[in-house]
1. Taking square-rooted eigenvalues a ≥ b ≥ c of the alpha carbon gyration tensor, is segment 12-180 rounded, prolate or oblate, where a/c under 1.5 means rounded and, failing that, a/b exceeding b/c means prolate?
2. Send over the per residue convex hull volume for segment 81-124, Cα only, as a whole number of Å³.
3. How large is the charge dipole for the chain, taken about the Cα centre, if only the Cβ atoms of Lys, Arg (+1) and Asp, Glu (-1) carry charge, to the nearest 20 debye?
4. Could you estimate the translational diffusion coefficient of segment 195-241 from the Stokes-Einstein equation, with Rh from the Kirkwood formula over C-alpha pairs, at 20 °C and 1.002 mPa s, in whole µm²/s?
5. For the chain, set up a GNM with springs between Cα atoms under 10 Å and report which of Glu226, Glu101, Glu35 has the largest fluctuation.
6. For percent of Cα pairs over 38 Å apart, which listed value, (i) 33; (ii) 50; (iii) 40, comes from the coordinates shown?
7. Arranged by the count of other C-beta atoms within 10 angstrom, fewest first, what order do Thr28, Thr277, Thr19 take?
Amino acid sequence: MLLQLDETNKNTYGFEFATPSKLDEIATICVIGCECRKTVSQYYWDCNLRADTETFIFQYTFSGRGAISIKGEVQQLSEGMAFIVAVPEDCQYYLPPTSAEWQFIFITLGGVEAKKCWEYINQNFGYVFEISRESTLIQCLIATYAKVIKGEITDAYRVSNQAYEFITYCYQYFDNRCRFEVVKIPDDVTSAVDFIKENYALQLSIEEIADHVGLSKSYLNKKFKEHLQLPPLKYLNKYRIEKSLYLLQHTKKSVKEISGELGFLDPNYFCKVFRKTVGVAPGIFRKTQTSHHDFNTLITDQHGIIDL
């Protein structure tokens, strides 16, 4: 469920405990808050002049507009924009004179794991990003703030636990961002993939696939390897195996019947391809799955995540 903030509960919370956590040096929350700033002169931070040092700031804009200057380059921070900076840093963020207000949520972390995470993100992705409010990263931040408001984070160990959880979500978000921000697959490769998915049960040849998209066999092979990391016929077999996983899990058809239905003339060849892809024979997969688990996604070392 999408978490929302109570519009009336905007505050900033700092943490100070008589008994520090042994995890403070690893990860901790220094400050967390949700604010709505409307006065220009009262909101200006220079990360080189702040009293705190070795801290790491994440700030996300809900509405309005702020601005940030990083090494002299100014960027606007509108709804859905976030920034990640360290203290000290050649960075200033503020409510610009042209903005009526800036509503945001922020968290300031400390610890070696926060430092590692910020360095990884800054070096690989920069400092300013557009992030969906529905993302697990922003939802984690909102949830953490809500726990603070409710008085659920009452000791140094819980603070460290929440800090480390947020760092984990940062890694997850930016790793996924890196994985999915790839070059667009060309239309002819997409067309070939669609043709394979529509005709996987037939005895498709590389010539038929190439003719369908108007490419030579060699050029089609090259483009498939470049964009899908597999040649066309191996992609065809991978897709057939994905289909077989569902049939093995949800039907009582024999391995021979499934093999023929998927376009494999030789059941033994189907078993060989299945074992190479999944790691076990089709019969063993069916027996293990129906005896112990009911899953709808399979993770393999050869082909990653396969939805059943």
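Quick note: the coordinates plus some simple rules give every number you see, no bench work behind them. If you're wondering where the values come from, they're calculated on a predicted model, not measured in any experiment. Here Cβ is always computed from backbone atoms with ideal geometry, including for glycine, and neighbour counts include all displayed protein chains.
1. rounded
2. So the per-residue Cα hull volume is 99 Å³.
3. So the magnitude is around 1200 debye.
4. 202
5. Glu226
6. Computing percent of Cα pairs over 38 Å apart and matching it to (i) 33; (ii) 50; (iii) 40 gives (iii).
7. Ascending Cβ contact count within 10 Å gives the list Thr19, Thr277, Thr28.
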